[in-house]
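Below is one structure, written out as structure tokens; the observations come after it.
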Ligand SMILES: Cc1cc2nc3c(=O)[nH]c(=O)nc-3n(C[C@H](O)[C@H](O)[C@H](O)COP(=O)(O)OP(=O)(O)OC[C@H]3O[C@@H](n4cnc5c(N)ncnc54)[C@H](O)[C@@H]3O)c2cc1C
């Protein structure tokens, strides 16, 4: 499909053409999307998905782009960023958030209603959809422990709901990673708690993050999954890789599990650093580091 064909298909919708994705990714890297949409409602999302399906336009769904490396050649077809689907409602101990709501914002709403169980997620900079997709977790907590159900939109434009048991959650894993359904909302089951204690715990975790993570630089969080029996940070540190730099991308000197963009880094710089770290750790410790971060797009 040519650029003109794509323009004609999406012309009447609120989309951007040839838009630089590095404006939206947390690493501040990545090439252009042919078509980029920020739907304001679930109905608008459905409409975009149906047009893409009917016309065989490749479709990529992003949340807050905080766990992604987009390659420098960008993404063909339609990219949909769900950040505007951000309603959060509370009903008793249940919190329902649309897919584009921020995880941080959702934990704040839960805290405001004295609901406990979600504090662990208070500093994870992803969206609800991305957190479900990744089974995000931190400080002993995981999304899977608080999810009750997830509402999904299939690429044919149909709706379905999965309960927590149907999502096949594991360490940074959900069944959505091998299927292509789109999360539109999730319901979390929390418990009544003490608002003061909830806020104290959130502040404590926020302090821990700021003291340990290089939040002053763009990044995608922990790049690698924790290999069984090891800690990624220790392997990278003991390999002498902290500070290793290609172009504008560097293995963080503050947190060995992070790879940061210290200035004008590219997607290729990221991939070069990742491959080097994997090769050195394999050679020194015979451990394969698997990426947690999703790498998408074209070279
Ligand atoms: C500084 C920093 C700290 C971090 N700390 C943590 C941490 O403590 N724990 C942790 O687990 N992660 C952490 N992360 C990683 C990241 O924030 C999480 O993985 C988060 O859940 C990703 O959400 P997102 O909306 O940004 O997803 P994106 O990066 O936008 O997308 C990630 C994947 O999810 C898919 N996806 C996104 N939305 C949907 C949807 N609605 N439906 C279907 N698929 C979807 C995308 O297609 C993509 O494959 C950190 C990242 C940074 C930058």
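Which whole-number percent is the relative contact order of the chain (Cα, under 8 Å, 6+ apart)? The normalised contact order for the chain reaches 18 percent. Each of 42, 195, 146 was scored by other Cβ atoms within 10 Å of its Cβ. Listed from fewest to most, they are 195, 42, 146. Anisotropy class assigned to the chain is oblate, per the alpha carbon gyration tensor with a/c at or over the 1.5 cut-off and a/b no larger than b/c. Taking a ≥ b ≥ c as the square roots of the Cα gyration tensor eigenvalues, with a/c under 1.5 meaning rounded and otherwise prolate when a/b beats b/c, else oblate, which class fits region 88-210? Prolate.
Please list, in order, the residues from region 246-271 whose amide nitrogen is less than 16 Å from a point placed 7 Å along the Cα→Cβ vector of residue 279. Only 246-247, 251, 268-271 pass the distance filter.
By count of other Cβ within 10 Å, fewest leading, how are 16, 160, 151 ordered?
Working: 16 15, 160 11, 151 19.
Fewest-to-most Cβ neighbours within 10 Å comes out as 160, 16, 151.
Applying 0.36 nm per residue to the separation of residue 108 and residue 245 and subtracting their alpha-carbon distance, the gain on full extension is 45.7 nm. Secondary-structure-derived ellipticity at 222 nm for the chain, considering helices only, amounts to -8500 deg cm²/dmol, per-run term -39500 (n - 2.57) for DSSP H runs with n ≥ 4.
Prolate is the label for region 179-299. Its Cα gyration tensor axes, ordered a ≥ b ≥ c, give a/c of at least 1.5 and a/b above b/c.
Counted residue by residue at 0.36 nm each, then reduced by the alpha carbon distance between them, the extension gain from residue 272 to residue 145 reaches 42.2 nm.
At a Förster distance of 35 Å, what's the computed FRET efficiency of residue 199 paired with residue 14, Cβ-Cβ distance as r, to 0.05?
Values: r = 37 Å, r/R0 = 1.07.
The computed FRET efficiency comes out at 0.40.
None of the figures in this text is laboratory data; all of them are computed from the coordinates on show. Predicted model only: the values in this text are computed from it and were never measured. Here Cβ is always computed from backbone atoms with ideal geometry, including for glycine, and neighbour counts include all displayed protein chains.
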